[in-house]
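The values are calculated or read from the model by the stated rules, or taken from the named source; none is laboratory data. All of these numbers come straight from a predicted model, not from anything done at the bench. When we count neighbours, we look across all protein chains shown, and the Cβ atoms used for this are built from the backbone with ideal geometry, even at glycine. Areas reflect the complete protein model, heavy atoms only, side chains present, ligands, DNA and RNA absent. Shrake-Rupley method; radii C 1.70, N 1.55, O 1.52, S 1.80 Å.
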Amino acid sequence: MKTRIIIFLFALGLMQMSCDEYLDVNDSPNNPTSENVPPNLVLTGAQTQVYRLQARRMNRLGNAFMNTWGPNINSFTGGFAEEFSLAISNTFYSDVWSGIYLNTFAYQTIINSEGTTFNNHKAIAKIMKSFYMQYIVDLYGDAPYSQAHQRGENLTPAYDDDAEIYKALLAQVDEAIVMLQDNVGNAVGDEDVIFGGDNAAWIRFANTLKLRLLVRAASATELTAEVAAGFASLSGADFVAADVTINPGYSNGEGAQQNPFYNLYGFDTDGNATTSRNFIRASEHAVEFLSGASNGAADPRLSRIYAQNANGNFVGIEQGAQDNGSVDLSPLGTGLVIDSAQDGYIMLASESFFLQAEAMLNGNLPGGDAGAQAMFEAGIAASFNHLGAGSATGYTTSANGVVGLGWTGSNANKLEAIMTQKWVSHNGTNAIESWIEYTRTGYPVVPLPTSAQFSDKPNRLMYPNSEYIGNSANVPSQTQADAFSTKIFWDNN
């Protein structure tokens with residue numbers, strides 16, 4: 001574990017580059033960069049830094065947009081004003097764009113390393129670069145890809161079509177799987193703080209990432225051939241069956257060593273609640289939903305996702321409300337905020353099962369309705385396990401009697417149930433997935449904040465100002481209205 005921390009801190013220093021890495025021109029031989037550092041010393045920093053963005057900013061946006069978090073209006077004013085108004089702009093969560101590009105650059109340097117010595121590291125880098133570049137497409141659409149990450153060789157990379165990027169990502173994941181199967185070069189060890197160099201685990205994760213790409217692209221005409229071939233190649237494949245976690249040796253030694261989710265939304269090293277912990281509260285909609293008040297199926301996960309207030313009750317705030325009569329509100333629960341050393345979550349096992357359920361439901365993977373139901377129920381069980389909520393059997397039986405919540409009704413009802421259960425499972429953990437899936441499918445329907453200035457959530461984020469300043473010749477012209485009227489290529493909603 002000590003070795004992991006040393007590598008982590010060393011590699012972390014290599015990640016301190018400009019926000020838009022593909023525009024960076026600094027290449028001084030007196031200041032080492034990740035290009036002249038061996039891939040095994042870059043990998044830990046690449047993995048941990050981009051997870052930090054995923055766990056904090058991306059997760060916060062998903063929880064705000066999908067009505068699971070609200071502000072503690074008893075102690076703060078104006079909380080989530082931008083998110084709840086939906087009046088997004090070129091500065092709205094712009095660090096998501098810059099953070100993904102910055103951190104996927106580190107993966108690209110591993111991929112670019114010469115020779116076959118670090119082929120296993122390269123395969124991991126291809127998988128992780130694809131994992132996060134999918135978010136660029138899912139959140140923004142067209143983006144620099146084929147010409148990105150070239151530093152001074154190309155300061156103004158062209159924008160690629162979003163469907164074409166998906167095609168490239170599918171190909172890159174396939175390349176990584178073959179490389180891992182060949183297992184050429186140095187073995188990967190402790191520097192891999194996700195799977196510890198387990199090639200079989202990386203192949204399962206790659207298969208699951210490929211499945212996610214295919215499930216999202218399945219309804220789009222642009223990739224019909226690639227989708228058909230991709231699903232055929234996954235028939236009988238192994239997928240993720242346990243949470244994909246990351247932990248370089250998180251501890252309570254000092255703030256920088258804490259799990260970054262816990263460090264922001266939990267407690268400092270002296271045990272004091274952070275500002276964000278005092279700020280984040282349950283949303284009224286999520287509490288009512290999980291309590292069964294709106295659907296008749298009480299969900300034991302409620303007490304793990306949120307904590308009781310001072311009076312022993314679960315109370316949420318209506319998004320956009322400015323007054324609730326000073327009633328104490330529920331903070332995040334012990335299923336999410338555990339301790340400084342808790343694992344981070346790259347992908348939940350529940351997501352893998354729900355992806356398989358959707359693919360089987362649509363006939364893209366073998367299994368039929370019975371197989372899809374089995375995967376759906378496995379997803380719920382995995383969510384209970386992730387949160388420490390006990391057995392899911394009783395809840396699943398109850399939920400299966402509720403249209404849109406359990407496995408009953410039409411295929412459209414079952415798709416809604418998959419998305420609703422995915423929304424519950426991602427509550428507090430990687431909730432950006434819930435917004436992306438809502439954009440794609442329209443499920444689950446959640447109330448808009450009372451302060452929303454638009455009748456629905458945007459379909460995408462807007463390109464940041466940094467693009468209009470540094471890459472003005474290529475960045476597509478975009479207005480706020482475009483964020484609501486134009487769609488990602490897979491958006492069939």
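Among residues of the stretch 250-275 that are of a type in the set (A, V, I, L, M), those with a Cβ under 6 angstrom from a residue that is outside any loop (DSSP other than H, G, I, E, B), sequence gap 6+ or separate chain, pair up as LEU264/ARG56; LEU264/SER276; ALA273/PHE267. Checked against (1) of a type outside the set (Lys, Arg); (2) part of a loop (DSSP other than H, G, I, E, B); (3) under 28 Å from THR397 (Cβ atoms); (4) open to solvent by 10 Å² or more (accessible area, probe 1.4 Å), LEU336 meets all criteria but (4). Summed over the stretch 90-108, the residues that are in contact with a Leu (Cβ under 9 Å, 6 or more places away or on another chain) and within 17 Å of ALA176 (Cα to Cα) give a count of 2.
Condition test on THR420, is it without any contact (Cβ under 8 Å) to a residue 40 or more places away in the chain and open to solvent by less than 10 Å² (accessible area, probe 1.4 Å)? Against the criterion (without any contact (Cβ under 8 Å) to a residue 40 or more places away in the chain and open to solvent by less than 10 Å² (accessible area, probe 1.4 Å)), THR420 qualifies. Here ILE346 meets the list (1) open to solvent by 30 Å² or more (accessible area, probe 1.4 Å); (2) farther than 24 Å from SER75 by Cβ; (3) not in a loop (DSSP other than H, G, I, E, B) almost entirely, failing just condition (1). Each residue in the stretch 346-388 was checked for being of a type in the set (Asp, Glu) and over 16 Å from TRP423 (Cα atoms), and 1 pass.
Is it true that ILE100 is of a type outside the set (Ser, Thr, Tyr) and outside any helix (DSSP H, G or I)? Spelling it out, it is not the case that ILE100 is of a type outside the set (Ser, Thr, Tyr) and outside any helix (DSSP H, G or I). Selection within the stretch 362-385: residues that are in contact (Cβ under 8 Å) with a residue 60 or more places away in the chain and open to solvent by less than 20 Å² (accessible area, probe 1.4 Å). The member of this set that is farthest from VAL424 (Cα to Cα) is LEU365. When SER451 is tested against (1) open to solvent by 10 Å² or more (accessible area, probe 1.4 Å); (2) under 29 Å from TYR51 (Cβ atoms), only condition (2) is not met. Name the residue, out of TYR107, TYR166, TYR145, that is touching a Lys or Arg at 6+ places or on another chain (Cβ under 7 Å) and either open to solvent by less than 40 Å² (accessible area, probe 1.4 Å) or free of Cβ contacts under 8 Å to residues at least 60 places away in the same chain (or both). None of the other options fit; the residue is TYR107. Against the numbered list (1) surrounded by 19 or more Cβ atoms within 10 Å (Cβ to Cβ); (2) not in a loop (DSSP other than H, G, I, E, B), SER276 comes up short only at (1).
Considering only residues in the stretch 235-267 that are open to solvent by 60 Å² or more (accessible area, probe 1.4 Å) and charged (D, E, K, R), the one that is nearest to GLY344 (Cα to Cα) turns out to be GLU254.
Note on the stretch 169-187: residues that are loosely packed, with under 14 Cβ neighbours inside 10 Å, assigned to a helix (DSSP H, G or I) and touching a residue at least 60 places away in the same chain (Cβ under 8 Å) amount to 1.
In a residue-by-residue description of the stretch 201-218, the property of being surrounded by 19 or more Cβ atoms within 10 Å (Cβ to Cβ), touching a residue at least 40 places away in the same chain (Cβ under 8 Å), farther than 23 Å from PHE353 by Cβ and under 22 Å from the mean Cα position of the chain (by Cα) applies to no position. Are any of the residues in the stretch 43-50 over 29 Å from PRO248 (Cβ atoms), surrounded by 19 or more Cβ atoms within 10 Å (Cβ to Cβ) and of a type in the set (S, T, N, Q)? Within the stretch 43-50, none of the residues are over 29 Å from PRO248 (Cβ atoms), surrounded by 19 or more Cβ atoms within 10 Å (Cβ to Cβ) and of a type in the set (S, T, N, Q). Only residues that are within 27 Å of the chain's Cα centre (by Cα) and either loosely packed, with under 13 Cβ neighbours inside 10 Å or assigned to a loop (DSSP other than H, G, I, E, B) (or both) were counted across the stretch 401-411, and they come to 4. Only one entry in SER235, SER276, SER283 is among the polar types (S, T, N, Q) and closer than 30 Å to GLN181 by Cα, namely SER235. Is there a residue being at positive phi and free of Cβ contacts under 8 Å to residues at least 60 places away in the same chain anywhere in the stretch 326-338? There is no residue in the stretch 326-338 that is at positive phi and free of Cβ contacts under 8 Å to residues at least 60 places away in the same chain. For the stretch 77-97, a residue qualifies if it is among the β-branched types (Val, Ile, Thr) and not in a loop (DSSP other than H, G, I, E, B), and exactly one does: VAL96. Go through the residues of the stretch 456-474 one by one and say whether even a single one is β-branched (Val, Ile, Thr) and under 30 Å from GLN322 (Cβ atoms). No. If you go through the stretch 437-468 and keep only what is of a type in the set (Gly, Ala, Ser) and closer than 30 Å to PRO144 by Cβ, you end up with GLY442, SER466.
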